[in-house]
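Novice: A single structure is presented below for examination.
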Amino acid sequence: MHLDIDNLNFSKIFIELRYGEAFTLPTKKYEILEALKNKYTAYNADQAEVLSLLNTEKRFQIHIEINRMVIDWDAPISFKDFSNFTLPVVNTISKILQIGSYIRVGIRSLLTAQINSADEINQYIFQKYFSSNARDTSLIADEISNPAIKFSGRKGQVHFNMTVGYQQVLEAAANTGQIETLYHNLLVDIDSFRSNINKNRLQNLFTDTDTFLNDNVKRYLKGVES
């Protein structure tokens, strides 16, 4: 069983930055909107303590609250592309709200590679991660579905949870509305975080994360494959 790890692409990157209460947000929302007017295509400022910016072309959204900032981007080209677009936005918001450091920065990345069937993942998980004695599941099941490997770890000052498993992408048929399987994916879900980061070190965290995802993780998965 062979999976092409080089074909892993980002299906989503989600980042949450937590900071001390920025009580000036209600009076600074329109200053933020003016400063970032070239970055978004729509916004919502109806709630006093929440500001949401949307970019439908890039499938990007950011939600700014009193004590946290959440950025959600569907299908970015790469983590570097995500970083190049996101970091100036975060820096601008942090400057306006006078945020000097972050209590916690969490980055969740979903990487996927299309495969032919769920059985390919089943074989991959059992052949590459389990011992030969664990592969025979006939005593406990007629069929095994959605096996996954999950573990937690730490790389330097960054803690992470990592899952290697299966993703089924579903879609409702246009003519009948019946749910059908569109395609099958290998899914690598990496949820990492680091605490107590000065805003001037955020670039380093993004650079380290890019290296971790595109070099370390892929080399690890290729090592499992070999």
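Novice: How much length is gained on full extension from ASN116 to LYS12, taking 0.36 nm per residue of separation minus their Cα-Cα distance?
Specialist: In short, 35.3 nm is gained.
Novice: I would also like to ask the following. Taking the chain as a Gaussian network, Cα atoms linked when under 10 Å apart, which of LEU51, LEU111, LEU182 shows the biggest mean-square fluctuation?
Specialist: Residue with maximal mean-square fluctuation among LEU51, LEU111, LEU182: LEU182.
Novice: So how much slack lies between GLN203 and THR92, counting 0.36 nm per residue of separation and subtracting their Cα-Cα distance, in nm?
Specialist: Extra length from GLN203 to THR92 when fully extended: 38.6 nm.
Novice: Please work out the C-alpha center-to-center distance from the stretch 73-113 to the stretch 163-226 and express it in whole Å.
Specialist: Each part's Cα centre sits 15 Å from the other's.
Novice: Accessible area per residue, 1.4 Å probe, Å², for the chain: what's the number?
Specialist: 56 Å²
Novice: Let me ask something else about it. How big is the stretch 13-87 on each of its three principal axes, counting only the C-alpha atoms and giving the largest first in Å?
Specialist: Ordered largest first, the stretch 13-87 gives principal extents of 35, 24, 17 Å.
Novice: For the chain, what is the charge dipole size about the Cα centre, in debye to the nearest 20, if Lys and Arg each add +1 at the Cβ and Asp and Glu each add -1 at the Cβ?
Specialist: I would put it at about 1120 debye.
Novice: Given ASN204, SER192, LEU182, which one lies farthest toward the positive end of the charge dipole of the stretch 181-221, if we put +1 on the Cβ of every Lys and Arg and -1 on the Cβ of every Asp and Glu?
Specialist: ASN204
Novice: Mind pulling the angle between the C-alpha long axis of helix 118-128 and the longest principal axis of the chain? Nearest 10 degrees, somewhere in 0 to 90.
Specialist: 80 degrees
Novice: Of the accessible area of the chain, with the probe set at 1.4 angstrom, what percent is carbon plus sulfur?
Specialist: Ligands and nucleic acids excluded, carbon and sulfur give 44 percent.
Novice: Output the Kirkwood hydrodynamic radius of the chain, Cα pairs only, in Å rounded to one decimal.
Specialist: Radius from the Kirkwood sum: 19.7 Å.
Novice: Run the simple label-point estimate for GLN168 and GLN127 please: 7 Å along Cα→C-beta, distance reported in nm.
Specialist: 2.2 nm
Novice: Over the C-alpha atoms of the stretch 106-226, what are the Rg and the largest Cα-to-Cα span, Dmax, in Å?
Specialist: Every Cα atom of the stretch 106-226 included, Rg and Dmax give 17.9, 56 Å.
The values are calculated or read from the model by the stated rules, or taken from the named source; none is laboratory data. Computed from a prediction, not measured in an experiment: that's the story for all the values here. With ideal geometry, Cβ positions are generated from the backbone for all residues, glycine too; neighbour counts draw on all protein chains shown. With ligands, DNA and RNA removed, areas are computed over all heavy atoms of the protein, side chains included. Shrake-Rupley method; radii C 1.70, N 1.55, O 1.52, S 1.80 Å.
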